[in-house]
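Below is one structure; the comments refer to it alone.
The values are calculated or read from the model by the stated rules, or taken from the named source; none is laboratory data. Treat the numbers as computed from the prediction; the structure is a model and nothing was measured. Every residue, glycine among them, receives a Cβ derived from its backbone with ideal geometry; neighbour counts consider all protein chains shown. Protein only, heavy atoms only, side chains kept; ligands, DNA and RNA dropped before computing areas. Shrake-Rupley method; radii C 1.70, N 1.55, O 1.52, S 1.80 Å.
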Amino acid sequence: MLSFAASARHVGRSQLLRATRRSYATETTSKKPSNLPLYLMGAGVAGLGSYFYLNSTGKSVITQEKSPLDPEDFKDFKLKKIVPYNHNTSEFIFELPNNEASLLPVASCLVVKSSDPEALKDEKGKPIIRPYTPISPPEKQGELTLLIKKYDNGNASKHIHGLKEGDTLAIKGPIPKFPYKVNEFEEVALIGGGSGITPLYQIVTHALSNASNRTKFTLLFSNVTEVDILLKSELEALQKKYPTKFNLVYMLDKPPAGWTGPSGYISKEVLQQHVAPASLNERVKVFVCGPPGQVAAVAGKKAGMKQGELGGILKELGYTEDQVYKF
């Protein structure tokens, strides 16, 4: 049954990718409604299929015809709640109509802009649009959660942090990224920095929640200080729940006294110690997401919204472009 669900999700992603390629030319724990298997049939996000689960009698019960999100057009969603996370980051929980689920395929992101066309523009007068990856699961009913760090030079993040509960934000998506399939790889390395944790978190929570998962994950998460570590309690809960499938490694630029983990910038030695070797060929995948400088040092610069040539430390260690994906 799980393999059927995985297949259905893959079909949905493929159809959704074709539907969204033409619409996007610019590129960033809660109780489940049921503990029964949830399935996405066809491209439910694009409105081409249906989202349903099997009830206790084994009969399918249609609960949602399509996602409330639109990959073609921006739609306004009301900010339901703001939950401060640390000194510069908060969770922004948006209300999904009719208690619907987002049905977001993994891995994918959304793009956002101000609901007020005059409120968030660049120097040329064009709307500022930015990508964000939700941290709420695709089946979460009624809510979509974005974890957003406020940057001093980030106009979009400052605008969102200025919103009040009851305000709206224009959201479009999903924007498909990497079509993750359960057990496609034996080893997966997740290399992240700062708020770049969100797409990596999306993948690892999706994969580990699947009872058939056999892939081993290692997350190497770099931050400036310990207080900057986002999703810390959630990540540590995953490590505790899946000790043989999830290895969590924190790395700090400015570690506190008594810190026993690695510190400083991500180095060749650190990657050799914690990341599965390139010699595993198609059995290993490395996902990278973080500040542009970190991504360039680890895996080479992205070419706009395209992957760009592989470079940096991973290339020095013998990894190929097929083995590395840059968010």
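Quick notes on this one:
- Selection of the stretch 304-327 for residues being modelled with pLDDT under 95 and either over 20 Å from the mean Cα position of the chain (by Cα) or open to solvent by 70 Å² or more (accessible area, probe 1.4 Å) (or both) yields M305, K306.
- Residues in the stretch 111-134 that are part of a loop (DSSP other than H, G, I, E, B) and touching a helix residue (DSSP H, G or I) at 6+ places or on another chain (Cβ under 6 Å): L120, I128, T133.
- Qualifying residue in the stretch 99-107 (condition: surrounded by fewer than 21 Cβ atoms within 10 Å (Cβ to Cβ) and part of a helix (DSSP H, G or I)): yes
- Meets criteria (assigned by the TED database to the domain that holds G193, under 28 Å from S136 (Cα atoms) and of a type in the set (G, A, S)) for S233: yes
- Qualifying residues in the stretch 255-283 (those that are out of contact with any helix residue (DSSP H, G or I) (no Cβ under 9 Å at 6 or more places or on another chain) and charged (D, E, K, R)) - the one surrounded by the fewest Cβ atoms within 10 Å (Cβ to Cβ): E269
- Within the stretch 180-193, one or more residues are more than 30 Å from A297 (Cβ to Cβ) and open to solvent by 10 Å² or more (accessible area, probe 1.4 Å).
- Yes/no for K216 being open to solvent by 10 Å² or more (accessible area, probe 1.4 Å) and closer than 20 Å to N281 by Cβ: yes
- Filter pass, V204 being open to solvent by less than 30 Å² (accessible area, probe 1.4 Å) and part of a helix (DSSP H, G or I): yes
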